[in-house]
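Below is one structure, written out as structure tokens; the observations come after it.
The values are calculated or read from the model by the stated rules, or taken from the named source; none is laboratory data. Keep in mind that this is a model prediction, so the values were computed, not measured. Here the Cβ positions follow ideal geometry from the backbone for every residue, glycine too, while neighbour counts run over all protein chains shown. Heavy atoms of the whole protein, side chains included, go into the accessibility calculation; ligands, DNA and RNA do not. Shrake-Rupley method; radii C 1.70, N 1.55, O 1.52, S 1.80 Å.
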Amino acid sequence: MQVMEAPGNSFSRTTGSTALQPLSDALHMPLEQVNFVACQLFALVTAVWFRTYLSPRKSHATIRHGIATIIGVYLAVFCFGWYSLHIFSLVSLSYCIMMYTSTEKVHSYSFILALGYLTLCQINRVYIFNYGILTTDFSGPLMIVTQKITTLAFQLHDGMCQNPEILSKQQLKDSVKGKPTFLEYISYHLNFMSILAGPCSNFNEYIEFIEGRHIQSKLLLDKGKRCSPFPDPSPNKAVITKLLICVISLTLFLTVCKVFPLVYMLDDEIINNTSLLWKILYLNVAVMASKPKYYFAWTLADAINNAAGYGFNGIDENGNFRWDLISNLNIWNVEFATSFKMYIDNWNIQTVAWLKRVCYDRAPKYRTGLTFLLSAVWHGVYPGYYFTFLTAIPVMWAARGMRNVCRHHFIYSKFRKSAYDIITWIVTQMAISYTVAPFFLLATEPTIKFYKSVYFYFHIVVCIVLILLSIKSHHDRRGTFSKKTASPTTNPSNHVNEKQLENVKFHSS
């Protein structure tokens with residue numbers, strides 16, 4: 001799900017149902033948000049019913065596919081009205097591509113169609129809806145559907161066209177060996193558990209869930225722990241825990257987030273009368289306060305899937321059941337990340353996995369840059385997204401380089417390691433806050449105004465770090481080269497190879 005808030009724009013309208021307008025007025029919340037939360041809570045209750053009364057032991061897979069799809073379509077129409085036709089149209093067109101084009105090209109055509117259609121809708125969102133006046137709109141589900149369409153297309157191409165020997169272990173595991181039926185296809189894309197807020201999951205795992213093989217297949221992978229079928233473990237503990245996180249996140253969002261708006265930093269009085277240190281501190285607090293709304297949406301979506309019996313991920317080292325197969329974030333690792341990569345890997349996890357599946361693992365070169373670019377295009381056409389992701393590329397390079405240079409000096413002492421973790425945690429939080437600020441500001445003018453107000457300080461730091469790393473790398477290469485060239489004459493054991501070296505020089509000339 002994508003949650004947007006446009007600064008200075010209070011106008012809001014919806015094409016979805018207005019049945020909950022009185023509740024919206026009573027809560028002083030936009031109707032789109034009320035509809036979204038109401039539909040997700042309805043999906044949560046439905047998920048419990050789906051797992052209890054339509055379990056694979058009681059119902060045929062066709063029934064489960066059909067019911068999941070019908071309810072999903074209803075939720076989309078309730079939330080977005082006729083705009084939900086964009087979602088259904090894209091899924092239908094993608095199914096036609098899968099059926100009537102060769103499997104050698106299905107991944108390319110599906111990728112171009114899905115991302116192109118999404119981009120056109122995002123352009124419409126900017127120029128027709130004036131920079132995100134809808135707090136939630138149909139582009140959020142369309143983004144999830146785009147992930148699913150491209151994921152399935154690439155996995156179908158891997159399973160039906162690629163030589164298994166050139167595939168990675170994960171690609172081979174996820175590959176789809178045959179084209180799905182129409183019912184399987186629309187159920188995967190439009191089921192009520194994920195149509196509004198995702199997350200994206202692998203097609204094979206979704207089919208295993210519908211057919212009742214999902215949990216047992218995971219248990220059989222845990223050799224030595226369970227090797228024979230037994231009653232499916234209950235997800236109730238995981239669901240209750242995640243719902244408690246949702247309550248806490250929603251409470252924080254409604255109380256703390258509004259107290260620290262990021263746009264406050266764009267006020268001319270604040271820019272002119274506050275120090276750089278104050279601005280940096282406020283920036284970090286504002287970004288931290290904006291995260292609970294994402295925690296709420298993604299954790300609730302995860303709880304819905306778990307309540308339906310989907311998301312089981314085997315047994316951990318302590319013998320506890322894991323329900324994090326399609327979790328979208330690890331809050332602990334996000335809040336206490338000690339590296340830029342650690343933060344990214346634990347934030348919007350399924351989107352990161354999708355980017356890895358369709359771009360990073362397949363790009364011949366410039367993998368990091370192309371992956372960040374695809375992420376920006378997928379998010380939308382707001383200039384702020386491109387500022388964020390283009391800034392993230394050199395920040396990632398600098399963070400990776402500094403980690404390689406410095407970390408091994410601190411791991412031999414517990415005290416040093418603790419100090420290193422504290423310093424890297426602070427720097428990581430500062431890097432994230434600085435990098436994602438344009439993501440919330442959206443437009444070019446406020447983004448430039450913000451960066452000028454903090455003197456582009458982190459851009460400058462990153463440039464200095466990259467220059468120093470480049471100089472060090474150059475010196476290291478020269479030192480290595482000098483040692484290699486000196487070794488034939490300084491080391492007596494190498495005299496045996498001098499004649500061979502002369503032969504090489506001769507043949508080279």
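What is the sum of charges around SER453, taking Lys and Arg as +1, Asp and Glu as -1, for the other residues whose C-beta is under 11 Å from the C-beta of SER453? Surrounding charge for SER453 is +1.
These residues, ILE70, ILE448, go from largest to smallest accessible area, 1.4 Å probe, as ILE70, ILE448. Taking the Cα centre of the range 77-224 as reference, the dipole from Cβ charges on Lys and Arg (+1) and Asp and Glu (-1) amounts to some 40 debye. Round to the nearest 10 and give me the degree value, 0 to 90, for the angle of helix 444-453's Cα axis relative to the longest principal axis of the chain. Here the helix axis deviates by roughly 50 degrees.
Accessible area per residue was computed with a 1.4 Å probe on protein heavy atoms; MET29 scores about 50 Å². Rounded to 0.05, the FRET efficiency of the ASP316 and ALA419 pair, given R0 = 41 Å and the Cβ-Cβ distance, is 0.85. Placing +1 on each Lys and Arg Cβ and -1 on each Asp and Glu Cβ, with no other charges, gives the chain a dipole about its Cα centre of roughly 1480 debye.
The solvent-accessible area of CYS39, taken with every protein chain present and a 1.4 Å probe, is close to 10 Å². Please report how far the C-alpha centroid of the range 331-359 lies from that of the range 302-320, rounded to the nearest whole angstrom. So the two Cα centres are separated by 19 Å.
Which pairs, out of LYS105/LYS148; LYS341/LYS365; LYS291/LYS365; LYS58/LYS242; LYS341/LYS472, put more than 29 Å between their alpha-carbon atoms? From LYS105/LYS148; LYS341/LYS365; LYS291/LYS365; LYS58/LYS242; LYS341/LYS472, over 29 Å: LYS291/LYS365. The residue list ILE423, TYR343, ILE304 was ranked by how far each Cα lies along the charge dipole of the range 300-430 toward its positive end, using unit charges on Cβ atoms, and ILE423 comes out on top. Rounded to the nearest 10 degrees, the angle from helix 414-441 to the longest Cα principal axis of the chain is 60 degrees.
Remark: spin-label model distance ALA26-LEU220 equals 5.1 nm, labels positioned 7 Å along the Cα→Cβ axis. With K and R counted +1 and D and E -1, the other residues having a Cβ less than 13 Å from that of PHE340 yield a net charge of +2.
Against the chain, whose longest principal axis is taken from its Cα atoms, helix 84-100 shows a tilt of about 60°. Other residues whose C-beta falls under 13 angstrom from the C-beta of GLY380 contribute a net charge of 0, scoring Lys and Arg +1 and Asp and Glu -1.
Exposure check, 1.4 Å probe, all protein chains in place: CYS463 carries approximately 80 Å² of accessible surface.
Amide H contacts under 5 Å for LEU329: ILE349, restricted to partners 5 or more places along the chain or on a different chain, H placed in the peptide plane at 1.01 Å from N.
State which stretch of the chain is the longest one without any exposed GluC sites (Glu not before Pro), exposure meaning a DSSP loop state and at most 13 other Cβ atoms within 10 Å. Free of exposed loop sites, the longest segment is 105-316.
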